[in-house]
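First the structure, in the form of structure tokens, and then the observations on it.
Bear in mind that the values in this text are calculations on the coordinates, not laboratory data. Note that the structure is a prediction, hence the values are computed from the model and not measured. Heads up, the Cβs are rebuilt from the backbone with ideal geometry, glycines too, and the neighbour counts pull from every protein chain shown.
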Amino acid sequence: MATATHHIVGPRNSAATNPAAGQTAQSANLSYVPQEHEPVLATELIDVLDPRPGETFVDCTFGGGGHSRLVSDRIGSDGELIAVDRDPASEERWSEFAAHAASRTRFLRADFVAALEGLRGEGVRPDGIVFDLGMSSMQVDAWERGFSYSYDAPLDMRMDPTQSLSAATVVNDWPQDRLANVIRELGEERRAGSIAREITKRRPIETTAQLVTAIKAAIPPSERFGRGHPAKRTFQAIRIAVNGELDALDHALPLAWALLPTGGRLGAISFHSLEDRRVKRFLVDRARGCICPPELPVCVCGREPEAELLTKRPIAPGPEEIERNPRASSAHFRAALKIREAEDAG
């Protein structure tokens with residue numbers, strides 16, 4: 001199959017001005033833990049989005065390529081799979097994937113907002129667009145990337161190791177109030193104030209183990225058990241802040257929807273409520289028709305639905321999948337079919 005690689009990246013800020021960031025960037029490129037990747041909700045995604053021979057699909061979060069491989073098998077040699085990821089390690093995996101892909105394929109190394117904008121500029125109208133949000137299991141298992149509270153590693157958490165902002169900057173340089181707001185809003189952590197205060201008191205914090213110790217010290221012993229690892233919510237918040245994940249999703253969803261032609265399908269797998277609420281709100285809004293006040297006897301707004309929801313409720317993994325892959329337990333899949341173009345509205 002013919003393959004191509006395109007790099008669409010924003011400005012690259014050198015880590016040379018930040019010794020801690022430079023140290024993290026160096027370690028982030030040391031290795032990548034190889035392992036078999038099992039895509040989450042794979043059967044459900046394929047059944048709902050129904051890729052067909054000859055279609056074009058965009059996988060906005062290529063990761064380990066699990067969903068891409070299944071889509072590629074369905075669209076076949078006349079179809080095209082466009083893989084997107086900002087992580088250079090994913091580009092290496094795509095090279096292996098492309099050698100055996102059933103369809104034509106190309107790779108865009110970029111965040112999905114930049115990639116979708118680039119595709120819009122090309123005039124691409126894909127039949128399906130897929131998001132598998134959050135971090136991939138391989139990023140978690142690459143200890144030197146600093147995503148996990150289970151390994152001692154430099155504070156990093158960057159999905160794109162070329163960007164300057166890292167977890168080290170957030171943890172050590174951001175004011176206490178800003179750090180508390182991030183932990184509260186992006187981690188939904190009720191002890192955000194105490195955690196931010198303890199982190200500030202212990203600065204400089206250089207490793208994930210030191211950060212975990214600070215978080216545990218800020219949480220009363222009676223609350224350290226029964227709701228998962230005490231550092232889980234704070235690590236989530238810092239990772240989201242470092243990578244701008246929610247802002248990117250807010251920009252990407254309307255971009256992706258605009259690219260789809262009538263009959264196109266959009267699907268997204270999310271792993272926490274902050275993502276899932278955004279996906280739900282976006283798709284439900286596109287599926288909504290008249291928005292006139294209920295007291296009006298007839299519709300005067302003229303609004304018609306742009307979407308048909310393919311998932312009335314989010315699809316979650318079953319017990320067998322969770323047993324095979326415990327990390328899938330929080331996943332939710334939502335999807336919609338585009339039934340009309342927005343500009344057709346009266």
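Values computed for the structure shown
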| read-out | value |
| --- | --- |
| Sum of side-chain charges, ILE75 neighbourhood, beta-carbon under 12 Å (Lys, Arg +1; Asp, Glu -1) | -3 |
| Gain on full stretching of the segment that runs from ARG227 to ALA342 - 0.36 nm per residue minus C-alpha separation | 37.1 nm |
| Extension gain, SER77 back to ASP285 (0.36 nm per residue minus Cα-Cα distance, nm) | 71.3 nm |
| Selected from SER90, VAL130, ALA196, residue furthest toward positive end of dipole (the range 50-205; charges at beta carbon) | ALA196 |
| Net charge of neighbours whose Cβ lies under 10 Å from the Cβ of LEU274, counting Lys and Arg as +1 and Asp and Glu as -1 | -3 |
| Label zone at ARG125 (point 7 Å along Cα-to-Cβ), backbone N below 11 Å, the range 306-346 | 341 |
| Relative packing of peptides 253-266, 74-87, 305-318 - highest average C-beta neighbours within 10 Å first | 74-87, 253-266, 305-318 |
| Summed side-chain charge close to GLY264 - residues other than GLY264 whose Cβ falls under 10 Å, Lys, Arg +1, Asp, Glu -1 | +1 |
| Cα-centre dipole for the range 244-319 with unit charges at Cβ (Lys and Arg positive, Asp and Glu negative), debye to 20 | 240 debye |
| FRET efficiency, 1/(1 + (r/R0)^6) with R0 45 Å, evaluated for ALA258 and GLU38 via beta carbons | 0.90 |
| THR207 versus ARG313: modelled label distance in nm, points set 7 Å from Cα along the beta carbon direction | 4.6 nm |
| In Hz, Karplus ³J(HN,Hα) per residue of the range 176-190 (6.51, -1.76, 1.60; θ = phi - 60°; x = Gly, Pro) | 4, 5, 5, 5, 4, 4, 4, 5, 6, 7, 9, x, 6, 9, 6 |
| Net lengthening on full extension, GLU304/ARG277 (0.36 nm per residue, minus Cα-Cα) | 7.5 nm |
| Size of charge dipole - the range 174-328 - debye, nearest 20, with Cβ of Lys, Arg +1 and Asp, Glu -1, no other charges | 640 debye |
